[in-house]
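Rule-based calculations on the coordinates, nothing more; no lab input. Quantities reported herein were computed from a predicted structural model and do not represent experimental measurements. Positions of Cβ are generated from backbone atoms using ideal geometry, with glycine treated the same way; all protein chains shown enter the neighbour counts.
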């Protein structure tokens, strides 16, 4: 029997379940809606049903060793999901204990960016690195910090919230209730806000003037930049400046070997990497200059949330 | 024979050598000038001579197990002191290797704030804590970050330079060549600069108007605040606001259980702690609020640089 690990990515809309081998290969991937269940317990039961049904073809060849899950506000120490802003259930949800009872398997939980960091360490570009930072650029900005070869969970299990470090305390409103958080500038949503600010401030023609805010994506902005659109290029410059400056601050905390960028915005390639790296180097304390790499994630076209969650299970329960 | 450890604090002006027991007690403390030696090698020879001479009374009772040293830009991994701005010798100084050859003993090196963090963990208020931050407030602002029970040295051995995170990139000039570093606002020197800014901006009478910049100390400012001096109180408020806001950012990196403040400025007690804690709590991401302690160091009246350096030796070479 070969060993199989399950990775679960619990998102606000969908929950994705992946069957993943010890080498990080996906056997298959399945999804159910996170919404519309009678209760949290019922939701867990539905995941179990899905797993049982989809695992049938593999029963003779594989045994499930452990389950890893990533969720917003997922607490590694307690196995709880705590007041996740985009889930229907409020308060502390006892995910790991309940799901472990249900599945009769070890279950481990963290947030999606921490899971992504472990995925990068086991199967991506951070293989063999003991000190690095993973940045996931999606609707928000998630991060996972690895030091001395271990993920930093912190005292309460919630370390690595670089998306909520402050760029400007009088700046943009953030979903967390404060103002000026990094993710209001640097994320797929953040660069949209920047495009709209630049469209408001400046006079240049731009294809982006034809797209409503709700229809705008990081992909639109990248394509506009590729076509030489001034507003798009300025938006990447502004985003890269803020990201570069805040990553320089992050370096003064943990002094990593490399910083990996993952997600839609990171797919913009040179448009985001070039200004980020330029402002990063300018902003670094001299002893850190010209030695820290800012690189794309090695897992860019994979479902890193699911792979990362499974990686956590592989890391903790490999036999 | 009882075990003895040597802690060495290499400062710009003086170098202090302490004989310290496994329990963190000082047997004795000695100093030589860091300046005016023919060469770095000659300086090391002088330290050896001092140790040999001063150790004589303890020869029958104690054996020296290991030596720990703290120095500006001290590199833990390489044992080198690299381009320390306030030392006479430039480039990379091979401290640990050379001094270990000379003494025929294990030698370990780090910077003074990292050493202080280890001292706090072994003998101060961080006993038993696995996640905390140590802040030393002297001429500059030093820091040591502990996560998962280990000091974070980072890939290059230079992690934990919170004094050089950026408050305002158009702000005060810093000795590092950049502008707006945290230590230009929050340190014994930083609060002096703030006092002078407030004296320039405002009209209030103040005892501090009689003191020249070079004569002003954190102690003067504290005494003025105790006497109700408005300028002094406003200076602590401003310092506490900036420190509180930047510590909230630090929490978003490593999520510590506690943050310890050490040094002359920390001795101002409520004048510095009250505004720092108030702005810290206001600035924290909601999930971190009301659970992270900001406390005075437990080693406040000791020579923490020497004790910390010895603590590093105790941690690494206790037998």
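Averaged over peptide B:285-292, the number of partner chain Cβ atoms lying within 10 Å of each residue's Cβ comes to 5.
Only helical DSSP H runs with n ≥ 4 go in: add -39500 (n - 2.57) per run for chain B, normalise by residue count and round the 222 nm mean residue ellipticity to 500 deg cm²/dmol.
Working: 8 runs with 113 residues, N = 319.
Taking each H run of at least 4 residues, the total per residue is -11500 deg cm²/dmol.
Order B:73-86, A:106-119, B:298-311 from most to least packed using the mean count of other Cβ atoms within 10 Å.
Numbers: B:73-86: 18.7, A:106-119: 27.6, B:298-311: 24.7.
The peptides rank, most packed first, as A:106-119, B:298-311, B:73-86.
For the listed peptides B:147-155, A:91-99, a ranking on the average number of other beta carbons within 10 Å per residue, highest first, reads B:147-155, A:91-99. One equal scatterer on each Cα of segment A:1-47, no solvent, Debye formula: the resulting log10 I(q)/I(0) at q = 0.26, 0.27 Å⁻¹ is -0.91, -0.94. Note on chain A: Cα convex hull, mean projected area over all directions, 17.1 nm².
Inter-copy label distances for residue A:94: 6.1 nm (label point placed 7 Å from Cα along Cα→Cβ; shortest first). Using a 7 Å projection from Cα along Cα-to-Cβ, the label point at residue B:54 is separated from the same position in the remaining copies by 6.7 nm, smallest value first. At 1.567 mPa s and 4 °C, plugging the Kirkwood radius over alpha-carbon pairs of the protein assembly as shown into Stokes-Einstein gives what diffusion coefficient in µm²/s? Answer from the Stokes-Einstein relation: 49 µm²/s.
Distance from the alpha carbon centroid of segment A:285-306 to that of segment A:129-187 works out to 15 angstrom.
Taking every DSSP beta bridge with both residues inside the protein assembly as shown, roughly what % is antiparallel (nearest 5)?
On the way: 56 of 98 bridges.
Looking only at bridges with both residues in the protein assembly as shown, the antiparallel portion is about 55 percent.
Averaged over peptide A:254-260, the number of partner chain Cβ atoms lying within 10 Å of each residue's Cβ comes to 4.
I want to verify the translational diffusion coefficient of segment A:187-319 in µm²/s; compute it with Stokes-Einstein, Rh as the Kirkwood radius over Cα pairs, at 4 °C and 1.567 mPa s.
On the way: Rh = 16.3 Å.
D = 80 µm²/s.
In angstrom, the C-alpha Rg and Dmax of segment B:119-159 are 10.8, 30. For segment B:1-134, the alpha carbon positions stretch 41, 39, 23 Å along the principal axes, listed from largest to smallest. Starting from the label point of residue B:170 at 7 Å along Cα→Cβ, the same points in the other copies fall at 1.1 nm, in ascending order. Based on Cα atoms of segment B:106-259, Rg over Rh with Rh as the Kirkwood radius reads 1.02.
Based only on the alpha carbon positions, what is the Kirkwood hydrodynamic radius of segment A:111-200, in angstrom?
13.9
Chain B comes nearest to the axis taking it onto chain A at the Cβ of one residue; that residue and its distance, in whole Å, are B:253, 2.
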